[in-house]
Structures are given as structure tokens and as C-alpha cells.
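Note sheet for the following structure.
The values are calculated or read from the model by the stated rules, or taken from the named source; none is laboratory data. Since we're looking at a predicted model, the values are computed, not measured. Don't worry about glycine lacking a Cβ; one is built from the backbone with ideal geometry, like all the others, and counts go over all protein chains shown.
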Amino acid sequence: MTDLIDIRAPAEQEGTQAVVRDWLKAVGDTVVLDDPLVELETDKVTHEIPAPATGILHEILMQNGDKAEPGSVLGRLRPANADDAGQAAPAPGMSYSPAVRRAAEEYGIDPATVTGSGKDGRVTRADMDAARQAMPAGGSAPQPPADADASPSRETERPATGLRSRAIPHSPMRLAIAAHMQASVSTAPHVTSVFEADFTAVIRHREANRAALAASGVPLSYTAYIAAACVSAMKAVPAVNSRWFDDRLEVFEDVNIGIGTALGDEGLVAPVIRAAQGLSLSGIAARLHDLTGRARAGALTPADLSGGTFTISNHGVSGSLLAAPVIINQPQSAILGVGRLEKRVVVRAVDGVDTIQIRPMAYVSLTIDHRALDGHQTNAWLTRFVEALETWPP
């Protein structure tokens, strides 16, 4: 009998748990080497597993919703032979996966109008979800099917209390995020320090330089300055850029900064700016623009989300002044929280005299794993971070 070829989940994955989201081929379909076969979803990203060879999809071992451990066998291929010559793989772009078809019916979105992020522009379920998120409030969508059990959510009335509610099953991403957050709080003793940062110097520099950078297609955001200031602070307290082990603290040479990026109700991801210590402000801005854009388009790869050593949660962009504790992205040792930038009244000394001024201020916090770091290191890191922002060169 011809040896079968295993279709395996990646040996390494970014995220706490992978779940089979959708098979893109059916048993008996002819596939070509590197054709996308199945989508896996973690709390970080949805990505495609390609065909390891050209052949026939012989069997599917893991169904939609099954947990896929790293290296586990998802299905098997039978190598193509002369008997398979009459079978042809479906023409690319001529059909959509079952998950995409379900989303099209549920959301009322024609997949032909959606830009695909899959191989050769194929539309994935993640693309459909992103398109739904982008719909304006009140946008048209079909009514839930008559069979309530077949609907992803349903509205019910509870006669005993008169309350009406809507049940929304958890997505694999939401379940994985929940597990990751719970594990972090259970694993690491969280301690948070809060400082205040004056963004006057940063705003002045940004106003003077953003037009030149925008001409090259790269926006100069405040987050780029925040990431650059993190690099400066890591030089003062390298231990913040670390990972705790029971017998040692591993301090990383590269500062790989994850940028928390919200994906609407779906959850959030943290694409990584690698080796930020070797990048200029404009280099950080360019990487940031690329990563966050692809995150919101559902086009990140597992490599974009792996290897982070530190994370920034810029929660202020959604309006909050302070969030504490910001939960550490395990196995990292610390996470920075940045609140909303707003004008506040502060006292500043001018020629030895206290004056009342209006300045653009934001609360910044550093939440640490207290196994790895102490308060004096936390405060030293924040002191250098704030100093970098407040003394930004003109």
C-alpha cells in the first residue's frame, strides 16, 4: 500500500492553544504542494496549513473545533499516481470553503467583494469576519435562521424574570485569550507602578516631522515614540526585557516589542516589532504601520506574533485614563500600559517660581512579574521611559 503522508500542525505555535477552524478541501480532493488545506486558530492568529506534497486528501483526523497540539496529525495525504490522472483540483477562486459560505449567509456579505488574505488571494473566514467588523453600525445582515440551534447567537425571553438575552457562543480565539489571561494571573504575582508623562516634546517633534514621513507612506504615530522610549528604558534596566525560569532569569539582548492591537469584539493580538533596539524612530513607525495594518486585515502570520519579549498596551486609544493591572503577556516579565493623552493642569517651576500650566499628559504604568522584578527596578525603568519622552530632541 502506498505510504500516506501526515498533515501536521506546526511544531511551534504562537498562542496558548490551536483549534481546527475549517478544512478547505474535502476527502478525495486533489491538492498540489503548498495548497492551503486547513485553517488553525489560536488566541493570536488564524493561519493556513499547506499541503506537504501533491496528492489526494485521503482522510481527515481532526474536525472543526478539535484542539490541535503542536505537531499533531490533522489528516493524511495519499501521493498522486497514474490512477489519479483524471482527477483535477478545483480551480482556484471558483469556490469558497464551507466556513466562508456560512459567514456569507450569516453576514449578508458576498465573498467576491472581500479582499482575500489567503494563498493566491483566497478569501478566508478571518477575511469575512474582518469585513463584518468593518460594516457600519446598523449595516444590513440576514436575519438568524429559523432553527435557533443553527444560529451562532439567539435571543431568548425568560418568563420568570422578564429579562431578554442573547447567547453568543465563545469563539476559539476568545476561549484561548481567556485561558491565557487566567494562566498569567495564576502564574505571576502582578504589581503595577504608575507614573505621569508630559508629551509636549513628543508632540513638538511629531508636528515638525510627520509630513516628511507621511510622504513615504508611513504615519508617525505616538505609539512609535512610546516604543522607542521603551528601548531607551531597557538600556537602563535590562532585566525588564526578560523571562522567568525557576532556576534563572533569562535577559534578552533583542528588544522584541509586541504592540497590543484590538480586533473589535473578536479579541486582540500583539504583533511584534523585532530587534527594536536597532531601529530608528522612522524604522519603528514603518514596522508598526505594516504590522497593525495587517493585523486589522486578518493577514498576520504566526511569525508576526512570535518571539515577543515585552508588550505595550496602548489602552488609552479607546478612552481609558488608567488600567491596572494590565495583564502580563506570559512568559514575558512586564507589560507597559499607556492611558489617554489629554490636556491637564500641572505645576511647573519657571526660574524658580511655581507656575500653573496646561500640558498634554498621560498616565503610564508598568506591570511586572514580581518573581522576576522588584519595585526599584520598575520605578527606575519608568523614570527613564518618561525622561526619554519628555526630553525628546527637537
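Annotations
- Yes/no for T301 being out of contact with any Gly (no Cβ under 6 Å at 6 or more places or on another chain), hydroxyl-bearing (S, T, Y) and within 25 Å of V231 (Cβ to Cβ): yes
- Search result, residues across region 247-261 that are small (G, A, S) and either part of a loop (DSSP other than H, G, I, E, B) or surrounded by fewer than 17 Cβ atoms within 10 Å (Cβ to Cβ) (or both): G260
- Test: residue in region 369-376 that is of a type in the set (K, R), within 19 Å of V231 (Cα to Cα) and touching a residue at least 60 places away in the same chain (Cβ under 8 Å): no
- Residue count for region 21-69 satisfying the condition of being assigned to a strand (DSSP E or B) and surrounded by fewer than 18 Cβ atoms within 10 Å (Cβ to Cβ): 4.
- Selection within region 338-394: residues that are part of a strand (DSSP E or B) and acidic (D, E). The member of this set that is surrounded by the fewest Cβ atoms within 10 Å (Cβ to Cβ) is D354.
- Which numbered condition E157 misses (of (1) modelled with pLDDT of 80 or more; (2) surrounded by fewer than 16 Cβ atoms within 10 Å (Cβ to Cβ); (3) over 30 Å from R340 (Cβ atoms); (4) not hydroxyl-bearing (S, T, Y)): (1)
- E196 being of a type in the set (D, E), under 19 Å from S365 (Cβ atoms) and not in a helix (DSSP H, G or I): yes
- Residue among A324, A270, A303, A297 that alone is surrounded by fewer than 17 Cβ atoms within 10 Å (Cβ to Cβ), at pLDDT below 95 and touching a helix residue (DSSP H, G or I) at 6+ places or on another chain (Cβ under 9 Å): A297
- If the condition is being surrounded by 16 or more Cβ atoms within 10 Å (Cβ to Cβ) and in a helix (DSSP H, G or I), then region 176-193 contributes A176, I177, H180, M181, S184.
- Residue pairs whose Cβ atoms lie under 9 Å apart, sitting 6 or more positions apart in sequence or on different chains, and linking a residue in region 330-355 that is among the acidic types (D, E) to a partner that is outside any loop (DSSP other than H, G, I, E, B), are E342/G316; E342/P360; E342/M361; E342/A362; D354/V347; D354/R348.
- Restricting G139, G121 to residues that are at pLDDT 70 or above, under 24 Å from G298 (Cβ atoms) and either in contact with a His (Cβ under 7 Å, 6 or more places away or on another chain) or of a type outside the set (K, R) (or both) narrows the list to G121.
- Selection within region 215-237: residues that are over 25 Å from the mean Cα position of the chain (by Cα) and either in a helix (DSSP H, G or I) or basic (K, R) (or both). The member of this set that is surrounded by the fewest Cβ atoms within 10 Å (Cβ to Cβ) is K235.
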